[in-house]
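Just so it is clear, none of the values below were taken in a lab; they were calculated from the coordinates. If you're wondering where the values come from, they're calculated on a predicted model, not measured in any experiment. Because the Cβ atoms are built from the backbone with ideal geometry, glycine has one as well, and the counts that use them run over all protein chains shown.
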Amino acid sequence: MNLSGKKALVAGTGISGIAAAKLLMDDDVAVILYDENEQLSTEDVRGRFGNLAPEEMVFGPFPNARAEEIGLAVLSPGIPTDQPFVQGLRAAGVPIWGEIELAAHYARGQMVAITGTNGKTTTTALVGEIMRHYFDSVFVVGNIGVPYTQMAPETTDQSVTVAEISSFQLETVVDFHPHVSAILNITPDHLNRHYTMENYANAKFSIAKNQTLDDVCVLNYDNELTRAFGERCPARVVYFSRTQKLERGIYLADDNDTILQCEAGREIPVCQMSRSNLLGAHNVENVMAAVGMALAMNVPPDVIAEAVSCFQAVEHRIEFVREIGGVAYYNDSKGTNTDAAIKGIEAMVRPTVLIAGGYDKHSTYDEWLAACEGKVKALLLIGQTAPAIAKAAKAYRFPKVEILESLREAVNQAALCAQQGDAVLLSPACASWGMFKNYEERGTLFKEYVNGLRE
């Protein structure tokens with residue numbers, strides 16, 4: 001990459017920032033690593049790089065006068081684009097990229113990109129599984145845990161890269177151009193970052209902004225926003241629907257089990273949900289989306305069916321932990337918003353003790369609480385949102401609502417509330433920040449506490 005003698009500013013010292021800085025330095029680009037946290041230790045941050053670390057690191061307020069030195073700024077996903085230092089760089093004419101945009105300039109081969117409010121991780125992992133059944137060189141990257149910038153140099157012209165991409169990452173795409181994209185659904189989330197549903201939806205839609213009719217965008221016909229976007233999407237649209245037959249697209253047969261592709265009036269069976277290890281109606285949609293993307297990549301239906309039957313549920317998404325005394329424990333820590341948590345509770349077929357609550361993303365809770373009514377025998381709440389959820393829950397008939405100080409206390413209380421034949425479900429409907437580093441840590445601790453319960 002030629003920055004005409006200028007430097008690249010990489011903002012953020014987490015996994016994405018470190019991977020982006022390494023990619024640039026491997027290309028002999030001079031990097032300034034920046035983080036607004038002035039308490040960071042230069043020595044500690046250097047230790048994250050191994051042998052090659054940026055020569056210069058800046059912590060604390062960014063000096064605006066240095067914008068003239070910067071030829072490119074790469075933001076980690078957690079940094080809002082309306083931060084003052086970002087606005088200052090933009091005003092100075094500095095291009096603002098994210099990790100996804102940077103990686104795309106180095107990567108080779110075909111890209112399958114997946115976004116949506118819910119189902120991204122499961123669908124991305126499933127698409128990756130299907131691709132590995134058919135292609136020799138497959139990379140699964142992005143918001144699923146492995147930075148795209150880390151793997152981009154390893155891709156070849158024969159590679160297929162499957163990427164889970166969040167709205168935060170899509171805010172900064174410029175030329176990013178997937179061959180196949182998918183928007184699984186759009187429901188309210190991250191409004192503390194995007195402020196309005198229009199801004200949030202537009203960020204999601206930008207996954208397809210550089211696509212053409214030579215590309216494919218897979219969209220959820222049952223979601224009002226994604227269905228409407230299909231009318232103006234620049235790519236060739238393939239819809240999927242769990243609730244109705246489509247003249248062209250992916251849908252369920254009359255047996256509510258077989259997933260079909262309809263093309264030119266001809267129905268082609270692809271796979272059966274009864275052969276899948278995935279639970280819940282939402283996972284029917286995830287499989288449908290994966291089928292649409294796989295077919296767009298010319299994967300044969302029999303290969304898709306085999307991969308779907310082999311696929312195991314993603315960790316932290318309605319993950320069975322263990323059964324103790326006839327009580328089944330499920331970890332749905334990935335349920336970080338109310339719509340995802342609705343899917344979690346809908347998957348339960350037993351009376352349920354629900355553990356919920358966490359960081360406040362300015363969500364509303366009535367639709368989720370209404371879905372829980374009649375299924376949840378005890379609602380145990382933790383975190384910043386616990387009082388607000390408890391207040392909202394008064395309008396619904398929950399036999400028990402209790403606020404606990406910690407996840408460990410909630411697990412212990414759930415064990416006391418649950419009886420043989422019940423389920424205990426961690427499905428927070430909220431982000432993990434404040435109490436935990438991320439949803440993975442929350443889910444891992446939940447499993448640790450459950451496994452520590454006595455028989």
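Tell me, rounded to the nearest percent, the portion of alpha carbon pairs in the stretch 115-159 spaced more than 11 Å apart.
Taking all Cα-Cα pairs of the stretch 115-159, the fraction more than 11 Å apart is 68 percent.
In terms of modelled amide H atoms, which long-range or inter-chain residues lie less than 5 Å from the amide H of residue 377?
Here 352, 353, 354 satisfy the definition.
Over all pairs of distinct alpha carbons, what does the Kirkwood formula give as the hydrodynamic radius of the stretch 319-451, in Å?
Radius from the Kirkwood sum: 14.1 Å.
So how do 196, 187 line up by other beta-carbon neighbours within 10 Å, fewest first?
In order of increasing Cβ crowding within 10 Å: 196, 187.
Find the percent of Cα-Cα distances in the stretch 137-262 that exceed 20 Å, and round it to a whole number.
Cα-Cα pairs of the stretch 137-262 separated by over 20 Å account for 51 percent.
Points 7 angstrom from Cα along the Cβ direction at residue 3 and residue 440: gap in nanometres?
About 2.8 nm separates the two model spin labels.
With each pseudo-label sitting 7 Å past Cα toward Cβ, what's the residue 310-residue 243 distance in nm, one decimal?
Calculated label separation equals 3.5 nm.
Which GluC sites (Glu not before Pro) does the stretch 266-335 hold that lie in a coil by DSSP with at most 13 other beta carbons within 10 Å?
none
Just need the Rg to Rh number for the stretch 1-160, please, alpha carbons only, Kirkwood Rh.
Taking Rh as the inverse mean 1/r over Cα pairs, Rg/Rh reads 1.00.
Starting from the Kirkwood Rh over alpha-carbon pairs, what translational D in µm² s⁻¹ does the stretch 101-310 have by Stokes-Einstein at 10 °C and 1.306 mPa s?
D, rounded to a whole number, is 94 µm²/s.
Which ³J(HN,Hα) values in Hz, rounded to whole numbers, follow from the phi angles of the stretch 129-145 under the Karplus curve 6.51 cos²θ - 1.76 cosθ + 1.60, where θ = phi - 60° and Gly and Pro get x?
Rounded to whole hertz, the list is 4, 5, 4, 5, 6, 10, 10, 7, 10, 10, 10, 10, 9, x, 5, 6, x.
If you take the square roots of the eigenvalues of the alpha-carbon gyration tensor of the stretch 371-410 and sort them as a ≥ b ≥ c, do you get rounded (a/c under 1.5), prolate (a/b over b/c) or oblate?
oblate
Which whole-Hz ³J(HN,Hα) couplings does the stretch 438-455 yield from phi under the Karplus relation 6.51 cos²θ - 1.76 cosθ + 1.60, θ = phi - 60°, glycine and proline marked x?
Values per residue, Gly and Pro as x: 6, 5, 5, 5, 4, x, 5, 5, 4, 5, 4, 5, 5, 5, x, 6, 7, 4 Hz.
So for the stretch 7-94, what are the equivalent ellipsoid semi-axes in whole Å, largest first, each being the square root of 5 times an eigenvalue of the Cα gyration tensor?
20, 14, 12
Say R0 is 30 Å: what FRET efficiency, to the nearest 0.05, do residue 405 and residue 224 get from their beta-carbon distance?
0.15
What FRET efficiency do you get for residue 277 and residue 360 if R0 is 30 Å and r is their Cβ-Cβ distance, rounded to the nearest 0.05?
0.30
Once you sort the root eigenvalues of the Cα gyration tensor of the stretch 238-342 as a ≥ b ≥ c, which label holds: rounded (a/c under 1.5), prolate (a/b larger than b/c) or oblate (the other case)?
Verdict is prolate for the stretch 238-342.
Can you give the Rg and Dmax of the chain based on its C-alpha atoms, in angstrom?
Taking only Cα atoms of the chain, I get Rg and Dmax of 22.7, 69 Å.
Sum -39500 (n - 2.57) across every DSSP H segment of at least 4 residues in the chain, then divide by the residue count to get the 222 nm mean residue ellipticity, nearest 500.
About -9000 deg cm²/dmol.
What FRET efficiency, computed as 1/(1 + (r/R0)^6) with R0 = 45 Å and r the Cβ-Cβ distance, is obtained for residue 46 and residue 298, rounded to the nearest 0.05?
Efficiency for this residue pair is about 0.50.
If I model a spin label at residue 384 and residue 137 as a point 7 Å from the Cα along the Cα→Cβ vector, what separation in nanometres do I get?
For the pair residue 384/residue 137, the computed spacing is 4.3 nm.
Kirkwood Rh and Cα-based Rg: tell me the resulting Rg over Rh for the stretch 44-103, rounded to two decimals.
0.97
Can you give the longest stretch of the chain with no exposed loop site, where a site means trypsin sites (Lys or Arg not before Pro) in a DSSP loop (not H, G, I, E or B) with at most 10 other C-beta atoms within 10 Å?
The longest uninterrupted stretch comes out as 1-231.
Quote the relative contact order of the stretch 101-310 in percent (integer), defining contacts as alpha-carbon pairs under 8 Å separated by 6+ residues.
21 percent
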